[in-house]
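Below: one structure, written as structure tokens.
The values are calculated or read from the model by the stated rules, or taken from the named source; none is laboratory data. Just so it is clear, the structure is predicted and the values come from calculations on it, not from any experiment. Positions of Cβ are backbone-derived with ideal geometry, glycine not excepted, and every protein chain shown enters the neighbour counts.
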Amino acid sequence: MILTRRSALCVGAGALAGCAALPEAAPVRARPIVIAHRGASGYRPEHTLAAYRLAIAQGADFIEPDLVMTRDGVPVARHENEIGGTTNVASRPEFAARKAVKEIDGERFEGWFTEDFTLAELKTLRARERLPQLRPGNVAFDGQETIPTFAEVIALAQAEGDRLGRTIGVYPETKHPTYHERIGLSFDAPLLAALKAADWDRPEAPVFIQSFEVSNLRRLAGLTRVRLVQLIAEEGAPFDQVRPEVRASYRAMLTDGGLADIRTYAAGIGPQKTLIVPRDADGRSLPPTDLVARAQKAGLVVHPWTFRNENVFLPAELRRGDAAAADVQRLSGDAQAEVEQFLKLGVDGVFADFPDVAVAARARAVQTP
Ligand code: G3P
Ligand code: CA
């Protein structure tokens, strides 16, 4: 585990809440954090209180709700505002007329959209597994859980933190912020109000707010001292940066100058994991890039995504099972080894669908530095 000069001030899970935020923040590199990606989404339908609760039981430090908005302006936990695949809305005749076609960030979607439902209406729906073919075991939990609000996710983190005597943080992601602003449902006020209501609108709160876009993070930096994280994909550009006069691709944001600019409004980056360990055409890992060191030198924490057990998400050398088997893609490979590799490269945390695997990798990385 890599420790910095500042780390003595920040050691321990509880100290995650004690590390200063912008503009005083130094990199938080004491104990790499395990961020439960959409909850323990490898084991339960994602973005349900059951998924978050299991993640906490498995040792996650943070739970991650992706956020979208209801018609009445409430942030709720879903990966997309289109909910045909992750709820039973399609089987509800009273909502059949809500089916719509929309363009979101330049892509066409057909289905049911959270912004067309009040919170009370959404609460009558039940969550279901997004990837039933990849994760058939999770289907057994379909129909058991409602869509949680962001406030409910915070309340769960705080209650479980109190019960267990350790800090459980929240790591919300604003999904499609420009789209939401254009339909009059900006995240800014309700997101910050939910944090304020929970007394987590302070710089030392165990909270990171993330976005693939830039302009809402820049704006939030002027509205809150909660830590912000710029998400970076391997390809493409932030949706709000693709205008010809801007043209800021994700790759350009990873130059030294780009990282320095991110540091003016964010405390960290959340890069796609292949930006740290790239892969060749056969899916095998290539030597690591220098991104972790350069980002940390710029004063940014580094939280890559997404670590998952299934072979389909792993580099070729960590896949396991009979390559000719029909279900080989969904079988588990050596995911712990992948997480361990990244921890030894010095990342400050990982987003994981299987938090127990990431926690085990962290324990092993500490034992075998
Ligand atoms: O927020 C980190 C990672 O979750 C980004 O990807 O699509 O899973 O939200 P996504
Ligand atoms: Ca996310």
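Count, please, the residues in segment 159-183 that happen to be over 18 Å from Gly106 (Cα atoms) and not β-branched (Val, Ile, Thr). Walk me through it before giving the result.
We begin by selecting, within segment 159-183, every residue over 18 Å from Gly106 (Cα atoms); these are 159-173.
This time we only want the ones that are not β-branched (Val, Ile, Thr), so: 159-166, 169, 171-173.
So the answer is 12.
Quick check on Gln210: is it polar (S, T, N, Q) and under 16 Å from Phe62 (Cα atoms)?
Numbers: polar (S, T, N, Q): yes; under 16 Å from Phe62 (Cα atoms): yes.
Spelling it out, Gln210 is indeed polar (S, T, N, Q) and under 16 Å from Phe62 (Cα atoms).
For segment 12-30, does any single residue satisfy the condition of being touching a strand residue (DSSP E or B) at 6+ places or on another chain (Cβ under 9 Å) and at pLDDT 95 or above? Step through it out loud before you land on a result.
Taking segment 12-30 as the starting set, the residues that turn out to be touching a strand residue (DSSP E or B) at 6+ places or on another chain (Cβ under 9 Å) are 13, 16-17, 19, 21-22, 25, 27-29.
Restricting the remaining residues to those that are at pLDDT 95 or above gives none.
No.
If Ala194 meets every condition in (1) in a helix (DSSP H, G or I); (2) in contact with a Gly (Cβ under 9 Å, 6 or more places away or on another chain) apart from one, which number is that one?
It fails just one condition, (2).
Out of Arg251, Arg263, Arg284, which single residue is over 23 Å from His79 (Cβ atoms), free of Cβ contacts under 8 Å to residues at least 40 places away in the same chain and touching a Gly at 6+ places or on another chain (Cβ under 7 Å)? Before the answer, list the steps.
Values: Arg251 fails: touching a Gly at 6+ places or on another chain (Cβ under 7 Å); Arg284 fails: touching a Gly at 6+ places or on another chain (Cβ under 7 Å).
None of the other options fit; the residue is Arg263.
Return yes or no: is Asp142 among the acidic types (Asp, Glu), in contact (Cβ under 8 Å) with a residue 24 or more places away in the chain and within 30 Å of Gly236 (Cβ to Cβ)? Explain how you work it out, then say what you get.
On the way: among the acidic types (Asp, Glu): yes; in contact (Cβ under 8 Å) with a residue 24 or more places away in the chain: yes; within 30 Å of Gly236 (Cβ to Cβ): no.
In short, no.
Which residue, of Ala248, Ala205, Ala281, Ala266, is away from ligand 1 (no atom under 16 Å from the Cβ), in a loop (DSSP other than H, G, I, E, B) and either within 20 Å of Val350 (Cα to Cα) or in contact with a strand residue (DSSP E or B) (Cβ under 6 Å, 6 or more places away or on another chain) (or both)?
On the way: Ala248 fails: either within 20 Å of Val350 (Cα to Cα) or in contact with a strand residue (DSSP E or B) (Cβ under 6 Å, 6 or more places away or on another chain) (or both); Ala281 fails: either within 20 Å of Val350 (Cα to Cα) or in contact with a strand residue (DSSP E or B) (Cβ under 6 Å, 6 or more places away or on another chain) (or both); Ala266 fails: away from ligand 1 (no atom under 16 Å from the Cβ).
None of the other options fit; the residue is Ala205.
Only residues that are surrounded by fewer than 24 Cβ atoms within 10 Å (Cβ to Cβ) and within 15 Å of Gly59 (Cα to Cα): list them for segment 339-356, please.
The one that is surrounded by fewer than 24 Cβ atoms within 10 Å (Cβ to Cβ) and within 15 Å of Gly59 (Cα to Cα): Asp356.
Hey, among Leu318, Leu286, Leu300, which residue is of a type outside the set (Asp, Glu), more than 26 Å from Pro203 (Cβ to Cβ) and surrounded by 15 or more Cβ atoms within 10 Å (Cβ to Cβ)?
Numbers: Leu286 fails: surrounded by 15 or more Cβ atoms within 10 Å (Cβ to Cβ); Leu300 fails: more than 26 Å from Pro203 (Cβ to Cβ).
Just a single option satisfies the conditions, and that option is Leu318.
Inspect all residues belonging to segment 332-349 and state whether any of them is within 16 Å of ligand 2 (Cβ to nearest atom), of a type outside the set (A, V, I, L, M, F, W, C) and touching a residue at least 24 places away in the same chain (Cβ under 8 Å). I'd like the intermediate steps shown before the answer.
Here is the first cut: in segment 332-349, the ones within 16 Å of ligand 2 (Cβ to nearest atom) are 349.
Remaining after also requiring of a type outside the set (A, V, I, L, M, F, W, C): 349.
Keeping just the survivors that are touching a residue at least 24 places away in the same chain (Cβ under 8 Å) gives 349.
There is at least one residue in segment 332-349 that is within 16 Å of ligand 2 (Cβ to nearest atom), of a type outside the set (A, V, I, L, M, F, W, C) and touching a residue at least 24 places away in the same chain (Cβ under 8 Å).
Checking the conditions here, which among Leu345, Leu331, Leu286 is within 21 Å of the chain's Cα centre (by Cα) and at pLDDT 95 or above? Explain how you work it out, then say what you get.
Values: Leu331 fails: within 21 Å of the chain's Cα centre (by Cα); Leu286 fails: within 21 Å of the chain's Cα centre (by Cα).
Unique residue meeting the criteria: Leu345.
Looking at the structure I just gave you, is Phe212 within 14 Å of ligand 1 (Cβ to nearest atom), free of Cβ contacts under 8 Å to residues at least 40 places away in the same chain and under 16 Å from the mean Cα position of the chain (by Cα)? Break it down stepwise before answering.
Values: within 14 Å of ligand 1 (Cβ to nearest atom): yes; free of Cβ contacts under 8 Å to residues at least 40 places away in the same chain: yes; under 16 Å from the mean Cα position of the chain (by Cα): yes.
For Phe212, the condition - within 14 Å of ligand 1 (Cβ to nearest atom), free of Cβ contacts under 8 Å to residues at least 40 places away in the same chain and under 16 Å from the mean Cα position of the chain (by Cα) - is met.
Residues that are hydrophobic (A, V, I, L, M, F, W, C), surrounded by 14 or more Cβ atoms within 10 Å (Cβ to Cβ), in contact (Cβ under 8 Å) with a residue 12 or more places away in the chain and within 16 Å of ligand 1 (Cβ to nearest atom): does segment 85-102 have at least one?
Looking for residues that are hydrophobic (A, V, I, L, M, F, W, C), surrounded by 14 or more Cβ atoms within 10 Å (Cβ to Cβ), in contact (Cβ under 8 Å) with a residue 12 or more places away in the chain and within 16 Å of ligand 1 (Cβ to nearest atom), one finds none in segment 85-102, hence no.
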